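Shown next, in structure tokens, is the structure this report addresses.
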Amino acid sequence: MDWRPWLTRWSEEWIGCTAPEELDPEVVRDGWLGFAPASPEAVAAAEERLGTALPPSYREFLLTTDGWRDAGCFVWRMSDTSTLGWVRDLEPFWQDWEEPDDAEGGPISRGLLISLETDAGILFLDPGDVDESGEWAAYSLFSWRAEPPTRFPSFIALMESLYAEFHEMRRPEGATRDAWAAEVEQARRHALAGDIDAAEPVLAKAEDFGLSRATILRAQILLLLGRTDEAEQLLGRLLHPSFTPDGFLADPLFAEEFLPLLFAEHARTASPGHNSILQSALIGEHPELQLIIAEHQARLRRGAARATYGNPEFNDLVHAALERHATDPDALWRAVGEALPRWRPRSTDHIAPVALLTAPALADTLTPERGRALLTQPRG
């Protein structure tokens, strides 16, 4: 890992989206979130004190910067060669988070603490979990997440995750965001060409970097693959007032595809003690969403919200298929597949006919195989 160029970009992006008064003066002066490199002698002294050689990527990191500021949004300072130590010695109370089966020597108890100042959490490396290249597994653990430590295969992977977290939460402008935006556009084209196996992993990674367009696109793929719970989590995130993309609620993709699905989900799941996605979205201040929902409810009461499945040519064929094959799911899905060449997107980010799932005869008989058969057809 060539740490310096990547950490320089990280520094530039962080500084660019942070008020100067919130930064240490030397960070503003140097344009660098790190510190001076540790000397080889300082690293060797730390290894001698710890009684072990450090994993290669972490050793090279220290030789690039002896410590680090603002690793993600919840780690304000990372350890340097003089403050490195074992979790059991420096912050032994974290051992209470050890899994019961690991109480005598799990990753926390034997972990090397590499964080110094955090928001109720720690970062650590596990010398008992080493790969063929000598890299130690890395972990993050935060008490407010109320979940077990998150494992990463190496220190590099941990830092990449913290960098993505920074992008997801702060959304800095710059080369990284531009590159991911280009990847998302290419993934959209792959999806429309039927290559969802190329598109979906890219969109998932772009989501980690906070690109909400990737979430909009990926939710459509997951819905038709039958991964409904995952897709609904994404839709719930898009409806959170802090994350709703500009223009999303006014897009026909939302009003004519996602919204009818959310009403169906509400009818299916809302119950005392359990909020549907729409109910959860309305807990916060979201007047634009409230107005759209009220308008849709009014159309339903008037009986004016007859299901539509897309552009007229496709819509007519789907309605005909539903009438002709109401009791034969296999024939119904074949007919829908045959109609797909007539389908057209309602807007730029519409890549799949998810409105089909508002028809119970289709939603109830959706299998991953049927959804994949539709998604792997070139369309639009």
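The values are calculated or read from the model by the stated rules, or taken from the named source; none is laboratory data. From a predicted model like this one, the values you see are computed outputs, not experimental measurements. Quick reminder, even Gly has a Cβ in these numbers, built from the backbone with ideal geometry, and neighbours come from all protein chains shown. These accessible areas exclude ligands, DNA and RNA; they are computed on the full protein's heavy atoms, side chains included. Shrake-Rupley method; radii C 1.70, N 1.55, O 1.52, S 1.80 Å.
So here's what we get for this one:
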| quantity | calculated |
| --- | --- |
| Top-ranked residue in region 165-186 [being acidic (Asp, Glu), touching a residue at least 24 places away in the same chain (Cβ under 8 Å) and open to solvent by 60 Å² or more (accessible area, probe 1.4 Å); ranked as farthest from LEU217 (Cα to Cα)] | GLU173 |
| Failed item, numbered, when ALA214 is tested on (1) under 28 Å from PRO368 (Cα atoms); (2) touching a residue at least 12 places away in the same chain (Cβ under 8 Å); (3) surrounded by fewer than 22 Cβ atoms within 10 Å (Cβ to Cβ) | (3) |
| Residues of region 305-361 that turn out to be on the phi > 0 side of the Ramachandran plot and modelled with pLDDT of 95 or more, as a count | 0 |
| Which numbered condition ALA294 misses (of (1) outside any helix (DSSP H, G or I); (2) open to solvent by less than 70 Å² (accessible area, probe 1.4 Å)) | (1) |
| Residue tally, condition at pLDDT 90 or above and under 21 Å from the mean Cα position of the chain (by Cα), over region 254-267 | 2 |
| Residues that are open to solvent by 40 Å² or more (accessible area, probe 1.4 Å), under 20 Å from THR64 (Cβ atoms) and free of Cβ contacts under 8 Å to residues at least 24 places away in the same chain, drawn from region 7-27 | ILE15, GLU26 |
| Residue check, ALA193 surrounded by fewer than 18 Cβ atoms within 10 Å (Cβ to Cβ), at pLDDT 95 or above and under 11 Å from the mean Cα position of the chain (by Cα) | no |
| Output for region 105-117, where each listed residue is under 30 Å from VAL27 (Cβ atoms) and open to solvent by 30 Å² or more (accessible area, probe 1.4 Å) | LEU116, GLU117 |
| Inter-residue pairs, beta-carbon under 6 Å, first open to solvent by 40 Å² or more (accessible area, probe 1.4 Å) and in region 136-164, second in a strand (DSSP E or B) and at pLDDT 95 or above, 6+ apart | THR150/SER140; ARG151/ALA137; ARG151/TYR139 |
| Looking only at region 40-57, and only at residues there that are in a loop (DSSP other than H, G, I, E, B) and open to solvent by less than 50 Å² (accessible area, probe 1.4 Å), the one that is farthest from MET78 (Cα to Cα) | THR52 |
| Count - residues of region 305-328 that are in contact with a helix residue (DSSP H, G or I) (Cβ under 7 Å, 6 or more places away or on another chain), assigned to a helix (DSSP H, G or I) and surrounded by 15 or more Cβ atoms within 10 Å (Cβ to Cβ) | 5 |
| Residues (loosely packed, with under 14 Cβ neighbours inside 10 Å and either in contact with a Gly (Cβ under 9 Å, 6 or more places away or on another chain) or not in a helix (DSSP H, G or I) (or both)) located in region 355-364 | ASP364 |
| Single condition LEU125 does not satisfy, out of (1) touching a residue at least 40 places away in the same chain (Cβ under 8 Å); (2) loosely packed, with under 13 Cβ neighbours inside 10 Å | (2) |
| Residue list for region 58-104, restricted to those being of a type in the set (S, T, N, Q), touching a strand residue (DSSP E or B) at 6+ places or on another chain (Cβ under 9 Å) and open to solvent by less than 20 Å² (accessible area, probe 1.4 Å) | THR65, SER79 |
| Residues of region 83-129 classified as of a type in the set (A, V, I, L, M, F, W, C), outside any helix (DSSP H, G or I) and within 21 Å of ALA157 (Cβ to Cβ), total | 10 |
| Evaluation of SER280 against (1) more than 16 Å from the chain's Cα centre (by Cα); (2) open to solvent by 80 Å² or more (accessible area, probe 1.4 Å) (one fails), failing number | (2) |
